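The values are calculated or read from the model by the stated rules, or taken from the named source; none is laboratory data. Remember, predicted model here, so these are calculated numbers, not experimental data. Note that we place each Cβ from the backbone using ideal geometry, even for glycine, and neighbour counts take in every protein chain shown.
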Amino acid sequence: MTDTETTMKAAEQLFDDSVVYVTRQGAQVRVDGGRVVVWDVDGDEGELAGFPVEKLDTVNIFGNVNFTTPFVRKANENGIVLNYFSQRGKYRGSFVPQKNTIAEVRRKQYALDEDEKLAIARAFVDAKIRNSRTLLHRKGVKGTGKLEDLQARLPKARHLNEVRGTEGEAAEEYFALLDGTLTSGWTFETRSRRPPEDHINSLMSLTYTMMKNECISALRQYNLDPFLGVMHADRHGRPSLALDLQEEFRPIFCDAFAVRLVNRGTLTHDDFRKDNKLNDDAIKTYFDKWDDYLQEEFTHPHFEYKVSRRKAVRMQAILLRKMIVGEMDEYHALRFKR
């Protein structure tokens, strides 16, 4: 089977709406026959939503949401990953079913040599720079020649530190141009974090966190260890491989989403608190829009058929696993040329 046939086959293993977000505070996740049910425990609404067990692979719960023991048993039986987050999206931990801990895949991942890690890292960063150029082009921003030059440098990189250095230079150049994507009343001066120093940086940080969570979910679902990366350094509690995988999605999914929210007026400066975080009503709006955004479809630049953004993330996790276990010769990152 060729690499192209293998990548096409990867897409056949996915279906839409396999991920559930539970953000309603005080809700409970339980089972009712063959369905996973989200129940309003504190109020009078009863069942808020229900999903067929066989179609789910991930349930993400945020903040004060609890679940029943029968649900955990059903999740284990059906390979459903349960991820815990704070109310504002900070990752807290996961329940991983027994079937999602295939030793052979993990053994291959841990045995990657330096050349294999280098090849994967180059693919991640190449896609990130290409997608940065594409987003800027779509928004009519000129002057992306340096980004193109940095991307052309990547094939010559012989060490991970060279790849990291190129990624850092490209990020600096990209952020210097990002202000040109924003509507009147919004400005981007410099990237800031921990804590974000303005509203747009806060929105970007939140979106990066949400995409990181998607990557963690995808990697766990396909038996990869999200905490053992190839480019980001290992650190206790850091999901390094999820951060690696996230790189190709940062500009074209994450930044594009943040820009959309402010340019369309979905969120305004009035939706932020003094600490630059979204207020309680706005965070609910954000979560709803984020889930809708991930379910929107686009024409995949490689396969040339429509997939949702969430499916695209899952596809990349599958392709990464196939490269790691030797079913593919190289990792094919998601790259948008226009």
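Within the range 20-49, the set of residues being surrounded by 13 or more Cβ atoms within 10 Å (Cβ to Cβ), outside any loop (DSSP other than H, G, I, E, B) and of a type outside the set (A, V, I, L, M, F, W, C) comprises Tyr21, Gln28, Arg30, Asp32, Arg35, Asp40. Among the residues examined, Pro155 does not qualify as in contact (Cβ under 8 Å) with a residue 60 or more places away in the chain and surrounded by fewer than 20 Cβ atoms within 10 Å (Cβ to Cβ). If you go through the range 100-112 one residue at a time, do you hit one that is within 30 Å of Ala27 (Cα to Cα), polar (S, T, N, Q) and over 23 Å from the mean Cα position of the chain (by Cα)? Scanning the range 100-112 turns up no residue that is within 30 Å of Ala27 (Cα to Cα), polar (S, T, N, Q) and over 23 Å from the mean Cα position of the chain (by Cα).
Here are some residues: Arg220, Arg238. Which one is surrounded by 21 or more Cβ atoms within 10 Å (Cβ to Cβ) and modelled with pLDDT under 90?
Arg220
For (1) assigned by TED's automatic domain parsing to the domain that holds His137; (2) not aliphatic (A, V, I, L, M), each residue gets a yes or a no:
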residue: Phe272; (1), (2): yes, yes
residue: Lys289; (1), (2): yes, yes
residue: Glu296; (1), (2): yes, yes
residue: His302; (1), (2): yes, yes
residue: Arg309; (1), (2): yes, yes
residue: Ala312; (1), (2): yes, no
residue: Glu330; (1), (2): no, yes
residue: Lys337; (1), (2): no, yes
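Against the numbered list (1) surrounded by 22 or more Cβ atoms within 10 Å (Cβ to Cβ); (2) modelled with pLDDT of 90 or more; (3) of a type in the set (Gly, Ala, Ser), Gly180 comes up short only at (1).
The criterion of being touching a Gly at 6+ places or on another chain (Cβ under 7 Å) and surrounded by fewer than 23 Cβ atoms within 10 Å (Cβ to Cβ) does not hold for Thr187. If you go through the range 304-335 and keep only what is aromatic (Phe, Trp, Tyr) and either surrounded by 21 or more Cβ atoms within 10 Å (Cβ to Cβ) or in a helix (DSSP H, G or I) (or both), you end up with just Tyr331. Against the list (1) basic (Lys, Arg); (2) more than 18 Å from Thr209 (Cα to Cα); (3) at pLDDT below 95, the condition Lys277 fails is (2). Listed by first and then second residue, the pairs linking a residue in the range 167-193 that is over 15 Å from Asp255 (Cβ atoms) and without any contact (Cβ under 8 Å) to a residue 60 or more places away in the chain to a residue that is surrounded by 16 or more Cβ atoms within 10 Å (Cβ to Cβ) and not polar (S, T, N, Q), with Cβ atoms under 7 Å apart and 6 or more places separating them unless they lie on different chains, are Glu169/Leu150. In the same structural domain as Ala317 (by TED's automatic domain parsing) and modelled with pLDDT of 95 or more: is that true of Pro251 in this structure? Criteria met by Pro251. The residues of the range 84-128 that are among the hydroxyl-bearing types (Ser, Thr, Tyr) and within 15 Å of Leu241 (Cβ to Cβ), listed by number, are Tyr91, Ser94, Tyr110. Residue pairs whose Cβ atoms lie under 7 Å apart, sitting 6 or more positions apart in sequence or on different chains, and linking a residue in the range 114-139 that is touching a residue at least 12 places away in the same chain (Cβ under 8 Å) and farther than 12 Å from Tyr331 by Cα to a partner that is assigned to a helix (DSSP H, G or I) and small (Gly, Ala, Ser), are Ile129/Ala170; Ser132/Ala170; Leu135/Ala256; Lys139/Gly180.
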